[in-house]
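K.L.:
This is the structure, below, for whatever I ask next.
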Amino acid sequence: MSRLFIMFMLFVAADAARGQQWLPVEPQDRPLTVNASGIVNSSDAQRFGPPPSQSWRITITELAREGSRVKAGDVLAQFDGSATDDRVRTLGAELNARRSELESLLETQASEIEQEKVRLAEAKSIAEKATRKADTDAELYASLEYKKLLEEKAIAQDLYRREQQRTDLVVAVREAKRAELEADIRRLESELAGAERELESFTIRAPRDGLVIVGTDRQGQKLDVNDAVNPGIIVVELADETKLEVQAGVPEYAAARIAVGQPVEIDIDATGGSLEGRVSSVASIVRRQSQYSQAMVRDVTVTLPPDAIAGLRPGVSAKLRIVVGTERDALAVPDEVIHYRDGIPGVIVRGDGWRPIRIGRASSGMHIVESGLEPGDEVAM
């Protein structure tokens, strides 16, 4: 039984060997690459967050769909403005009440002005009549009667003067009341206009046509309706699909070898295709990869070929291989043929089995082999 089993296993091994594909390893010039992961973004994207508010957190009540294309004027996001809406209603009611009060005051004052004109004219007429009587020849009246006329003249003139003074005071009081109401109305109009602008700011509309990219919270989850957000967070982006690029974070230790103009091999996860681009910018400062990671990275931007943009959309992930140099006459093997045993890398060599190797730098999906292989060796795929 054991002999049959051994023969069967040898037959299986021989059959597997016949189907095994082997890759010859030959020296040639190999590109040295730095690997990174990135996201396709628009170089012309407008970002929008919650409006200034009296509260620290504000709730999203409406949000455009991720990946939707919108026209100028369409709603991108809307926030809970119920408190501001109540304030607008209250200020509007107060303003209408003050305007009605001013209208009523002006009607009352108009009636008072007419009455004051009548009283003033009457006092003036009495004073003029008393003056005419007192100005006649004193010899025509008895001494006592003439003295009475002079007293009546003085009293009438004094009453007329007092009526004039009272009219002036009433005018001043009337103008003060009207000015106070008008100032209150202007204040309410200003506050109402500010509240209406604030209420309008709770609705974000697209300033142009574009593609919607919904923002994420601090845990990296896409935002949604009923989520409460803080000031400063990006709730939604409006991207121009005709201006795409790839943005990636390269580990700090590898970023020093990256320079503007270097070629980049790009694998797009969503489409499964590969593109070629070039490094367009390298950040001069490093940052933490995320708030949950201590790894330091430097931002790198890669331009895309114009003919490839039509098939891409912002937000899709990409794998980058940035070509930073060339190693002459080097041996290299694909990453997928390298097998580790006890932490030691190695490959299966035809006729020799598993053989340990020392690997060097990355080379466009492969690794340079510094030792362990000879030219002409064949490794199992």
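K.L.:
Going residue by residue through segment 273-296, is there one that turns out to be among the charged types (D, E, K, R), touching a Ser or Thr at 6+ places or on another chain (Cβ under 6 Å) and touching a residue at least 40 places away in the same chain (Cβ under 8 Å)? It would help to see each step written out before you state the result.
P.N.:
Quick first cut of segment 273-296, residues among the charged types (D, E, K, R) only: 276, 278, 287-288.
Next cut, touching a Ser or Thr at 6+ places or on another chain (Cβ under 6 Å) only: 278.
Remaining after also requiring touching a residue at least 40 places away in the same chain (Cβ under 8 Å): none.
No, the conditions are met nowhere in segment 273-296.
K.L.:
Can you pull out every residue in segment 31-57 that is of a type outside the set (Asp, Glu) and under 14 Å from the mean Cα position of the chain (by Cα)? Outline the logic, then answer.
P.N.:
In the first step, residues of segment 31-57 are kept if they are of a type outside the set (Asp, Glu); the result is 31-43, 45-57.
Across segment 31-57, the qualifying residues are ALA45, GLN46, ARG47, PHE48, GLY49, PRO50, PRO51, PRO52.
K.L.:
Please state which one of LEU312, LEU373 is part of a loop (DSSP other than H, G, I, E, B), touching a strand residue (DSSP E or B) at 6+ places or on another chain (Cβ under 8 Å) and either at pLDDT 85 or above or within 15 Å of GLN28 (Cα to Cα) (or both). Break it down into steps so the answer makes sense when it comes.
P.N.:
Details: LEU312 fails: either at pLDDT 85 or above or within 15 Å of GLN28 (Cα to Cα) (or both).
Criteria check complete, one pass: LEU373.
K.L.:
Here's another thing I want to ask about it. Given the condition in a helix (DSSP H, G or I) and loosely packed, with under 15 Cβ neighbours inside 10 Å, answer yes or no: does some residue in segment 197-204 qualify?
P.N.:
Step one: filter segment 197-204 for residues in a helix (DSSP H, G or I), giving 197-201.
Of the ones still in play, those that are also loosely packed, with under 15 Cβ neighbours inside 10 Å are 197, 200.
For segment 197-204, residues in a helix (DSSP H, G or I) and loosely packed, with under 15 Cβ neighbours inside 10 Å: present.
K.L.:
Do any residues in segment 229-245 that are touching a residue at least 12 places away in the same chain (Cβ under 8 Å) have Cβ atoms under 7 Å from those of residues that are in a loop (DSSP other than H, G, I, E, B) and of a type in the set (A, V, I, L, M), where the two are at least six apart or on different chains, and which pairs are they?
P.N.:
VAL229/LEU223; VAL229/VAL235; VAL235/LEU223; VAL236/ALA64; LEU238/ALA206; LEU244/LEU304; LEU244/LEU312; GLU245/LEU304
K.L.:
Assess whether PRO345 counts as being within 30 Å of GLN21 (Cβ to Cβ) and out of contact with any Pro (no Cβ under 6 Å at 6 or more places or on another chain). Can you show your working first?
P.N.:
Numbers: within 30 Å of GLN21 (Cβ to Cβ): yes; out of contact with any Pro (no Cβ under 6 Å at 6 or more places or on another chain): yes.
Here the answer is yes, as PRO345 does meet what is asked.
K.L.:
Collect the residues in segment 244-256 that are exposed (fewer than 15 other Cβ atoms within 10 Å of the Cβ) and of a type outside the set (Ser, Thr, Tyr), keeping them in residue-number order. Break it down stepwise before answering.
P.N.:
Restricting attention to segment 244-256, the residues satisfying the condition of being exposed (fewer than 15 other Cβ atoms within 10 Å of the Cβ) are 252-253, 256.
Correct list: GLU252, ALA256.
K.L.:
When the residues of segment 38-76 are narrowed to those that are hydroxyl-bearing (Ser, Thr, Tyr) and exposed (fewer than 15 other Cβ atoms within 10 Å of the Cβ), which ends up modelled with the highest pLDDT?
P.N.:
Checked segment 38-76; the qualifying residue modelled with the highest pLDDT is SER68.
K.L.:
Right, next: Looking only at segment 1-18, decide whether some residue is in contact with a strand residue (DSSP E or B) (Cβ under 6 Å, 6 or more places away or on another chain) and either more than 30 Å from SER281 (Cα to Cα) or modelled with pLDDT under 90 (or both).
P.N.:
From segment 1-18, those in contact with a strand residue (DSSP E or B) (Cβ under 6 Å, 6 or more places away or on another chain) are none; that's our starting set.
No, segment 1-18 has no match at all.
K.L.:
Looking at ARG321, ARG328, can you tell me which residue is in a strand (DSSP E or B), crowded, with 19+ Cβ neighbours inside 10 Å and not β-branched (Val, Ile, Thr)? So that I can check it myself, show each step before the final result.
P.N.:
Values: ARG328 fails: crowded, with 19+ Cβ neighbours inside 10 Å.
On inspection, the qualifying residue turns out to be ARG321.
K.L.:
Please enumerate the residues belonging to segment 70-98 that are part of a helix (DSSP H, G or I) and either β-branched (Val, Ile, Thr) or touching a Ser or Thr at 6+ places or on another chain (Cβ under 8 Å) (or both).
P.N.:
If the condition is that a residue be part of a helix (DSSP H, G or I) and either β-branched (Val, Ile, Thr) or touching a Ser or Thr at 6+ places or on another chain (Cβ under 8 Å) (or both), then ALA83, THR84, VAL88, THR90 are the ones that fit.
K.L.:
Checking PHE79 against (1) at pLDDT below 90; (2) surrounded by 16 or more Cβ atoms within 10 Å (Cβ to Cβ); (3) aromatic (Phe, Trp, Tyr), which test does it fail?
P.N.:
The single condition PHE79 does not satisfy is (1).
K.L.:
On to the next question. What are the residues in segment 281-296 that are part of a strand (DSSP E or B), under 25 Å from the mean Cα position of the chain (by Cα) and surrounded by 14 or more Cβ atoms within 10 Å (Cβ to Cβ), if any? Full working, then the answer.
P.N.:
Let us first name the residues in segment 281-296 that are part of a strand (DSSP E or B), namely 281-282, 287-290, 293-296.
Next, from what is left, pick out any that are under 25 Å from the mean Cα position of the chain (by Cα): 281-282, 287-290, 293.
VAL282, GLN289 - these are the residues of segment 281-296 that are part of a strand (DSSP E or B), under 25 Å from the mean Cα position of the chain (by Cα) and surrounded by 14 or more Cβ atoms within 10 Å (Cβ to Cβ).
K.L.:
Filter segment 84-99 down to the residues that are within 26 Å of the chain's Cα centre (by Cα) and under 15 Å from GLU200 (Cβ atoms) and list them by number.
P.N.:
Keep residues of segment 84-99 that are within 26 Å of the chain's Cα centre (by Cα), which gives 84-88.
Matches in segment 84-99: THR84, ASP85, ARG87, VAL88.
K.L.:
Identify the residue in segment 217-243 that is closer than 25 Å to THR303 by Cβ and of a type outside the set (A, V, I, L, M, F, W, C) and, among all such residues, is surrounded by the fewest Cβ atoms within 10 Å (Cβ to Cβ).
P.N.:
Looking at residues that are closer than 25 Å to THR303 by Cβ and of a type outside the set (A, V, I, L, M, F, W, C), I get THR242.
K.L.:
I've got another one for you. Going through ASP267, ASP299 one at a time, which residue ends up being of a type in the set (Asp, Glu), surrounded by 17 or more Cβ atoms within 10 Å (Cβ to Cβ), assigned by TED's automatic domain parsing to the domain that holds GLY365 and part of a strand (DSSP E or B)? Lay out the reasoning, then the answer.
P.N.:
Working: ASP267 fails: surrounded by 17 or more Cβ atoms within 10 Å (Cβ to Cβ).
Answer to the check: ASP299.
K.L.:
Kindly indicate whether ILE234 is assigned by TED's automatic domain parsing to the domain that holds SER68 and touching a Pro at 6+ places or on another chain (Cβ under 6 Å).
P.N.:
Numbers: assigned by TED's automatic domain parsing to the domain that holds SER68: yes; touching a Pro at 6+ places or on another chain (Cβ under 6 Å): no.
Spelling it out, it is not the case that ILE234 is assigned by TED's automatic domain parsing to the domain that holds SER68 and touching a Pro at 6+ places or on another chain (Cβ under 6 Å).
K.L.:
Looking at GLU101, GLU62, GLU26, GLU94, can you tell me which residue is among the acidic types (Asp, Glu) and in the same structural domain as VAL212 (by TED's automatic domain parsing)? Write out each step before concluding.
P.N.:
Details: GLU101 fails: in the same structural domain as VAL212 (by TED's automatic domain parsing); GLU26 fails: in the same structural domain as VAL212 (by TED's automatic domain parsing); GLU94 fails: in the same structural domain as VAL212 (by TED's automatic domain parsing).
Unique residue meeting the criteria: GLU62.
The values are calculated or read from the model by the stated rules, or taken from the named source; none is laboratory data. Source: prediction; values computed, not measured. Because the Cβ atoms are built from the backbone with ideal geometry, glycine has one as well, and the counts that use them run over all protein chains shown.
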